[in-house]
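Asker: Provided herewith is a single structure, encoded as structure tokens, for subsequent inquiry.
The values are calculated or read from the model by the stated rules, or taken from the named source; none is laboratory data. Quick caveat: nothing in here was measured; it's all calculated off a predicted structure. Ideal geometry is used to build each Cβ from the backbone, glycine not excepted, and the neighbour counts take in all protein chains shown.
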Amino acid sequence: MAGSFSGYERELKGVLQGEGDALARYRKYAQTPEELELLRSLEERPFLVVRAAGSQGFDLVALRDRVVLPIEVKSSSQPRIPFASASGRSQDQYHTLKDQTRRSGLMLLYAYRLLGGGERDPWRLFLAEAPVEDHNRYAKMIAAQLPPVGVTGQGNQVLRWEEGKPLLHFLNWVHSVLLGTA
């Protein structure tokens, strides 16, 4: 996905930024009154989202209060994305991005958009690595909420959509617990 700004990056950016059109389209995935209220409240108190794509950079950075979320966006019609495919480029990128964020005291998130997933929330979130710094309690709290990027028997990273945290569940948690606005 590096080098182009995909419609799926735009979709995620629009939801996180609280853009009315993006939220209106995303409402069909809300399953509970709390999730519908969350989408309404994102219009009033959104994340600031910056596109950060580049040849070896992550795709988006979401910022709000003391929360900084570097996000690498992936999409597939398959329920599994092995990083070792495509000449290992995703595997190399994973290690590069993980090292960059670790040195900066941040954590790297992967957002996986399942194409053609039906009525379920199509986005799942994963954590590349838990933060090692104790001074960032927000990062530690967020890391505890997200499942890790999977690892195959050969030691390569893999995203398994069903194992990820649904975007709306994660945002609802961030909104109500971390940011105290619900």
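Asker: So Asp65 fits all but one of (1) on the phi < 0 side of the Ramachandran plot; (2) surrounded by fewer than 20 Cβ atoms within 10 Å (Cβ to Cβ); what number is the exception?
Answerer: Of everything listed in (1) on the phi < 0 side of the Ramachandran plot; (2) surrounded by fewer than 20 Cβ atoms within 10 Å (Cβ to Cβ), Asp65 misses just condition (1).
Asker: If you don't mind, there's one more thing I want to ask. Could you tell me whether any residue of region 82-103 is of a type in the set (D, E, K, R), closer than 13 Å to Phe126 by Cβ and assigned to a helix (DSSP H, G or I)?
Answerer: yes
Asker: Given the options Ala139, Ala130, name the one that is in a loop (DSSP other than H, G, I, E, B) and over 12 Å from the mean Cα position of the chain (by Cα).
Answerer: Only one candidate passes the filter, namely Ala130.
Asker: Failed condition for His175, given (1) at pLDDT 85 or above; (2) in a helix (DSSP H, G or I); (3) not hydrophobic (A, V, I, L, M, F, W, C), with all others met?
Answerer: Status for His175: all satisfied but (1).
Asker: Follow-up question, since we're still on this one. Quick one: which of Arg66, Arg51 is at pLDDT 90 or above, basic (Lys, Arg) and touching a Phe, Trp or Tyr at 6+ places or on another chain (Cβ under 7 Å)?
Answerer: After ruling out the rest, the residue left standing is Arg51.
Asker: Can you tell me how many residues in region 29-50 are within 22 Å of Leu114 (Cα to Cα) and either part of a loop (DSSP other than H, G, I, E, B) or in contact with an Asp or Glu (Cβ under 7 Å, 6 or more places away or on another chain) (or both)?
Answerer: Qualifying residue count for the region: 4.
Asker: Could I ask something else about it? For region 124-145, which positions are out of contact with any Pro (no Cβ under 7 Å at 6 or more places or on another chain) and modelled with pLDDT of 95 or more?
Answerer: The one that is out of contact with any Pro (no Cβ under 7 Å at 6 or more places or on another chain) and modelled with pLDDT of 95 or more: Leu125.
Asker: Are there any pairs, at least 6 apart or on different chains, whose C-beta atoms fall under 7 Å, with the first in region 27-44 and at negative phi and of a type in the set (Asp, Glu) and the second surrounded by fewer than 18 Cβ atoms within 10 Å (Cβ to Cβ) and assigned to a helix (DSSP H, G or I), and if so, which?
Answerer: From region 27-44, the pairs are Glu43/Gly20.
Asker: Collect the residues in region 1-31 that are among the hydroxyl-bearing types (Ser, Thr, Tyr) and either touching a Leu at 6+ places or on another chain (Cβ under 6 Å) or modelled with pLDDT under 90 (or both), keeping them in residue-number order.
Answerer: Passing the criteria: Ser4, Ser6.
Asker: Hey, among the residues in region 13-57 that are among the polar types (S, T, N, Q) and more than 20 Å from Val68 (Cα to Cα), which one's surrounded by the fewest Cβ atoms within 10 Å (Cβ to Cβ)?
Answerer: Ser55
Asker: Lys74: in a helix (DSSP H, G or I), in contact (Cβ under 8 Å) with a residue 24 or more places away in the chain and either surrounded by fewer than 19 Cβ atoms within 10 Å (Cβ to Cβ) or under 14 Å from the mean Cα position of the chain (by Cα) (or both), yes or no?
Answerer: So Lys74 does not fit the description; no.
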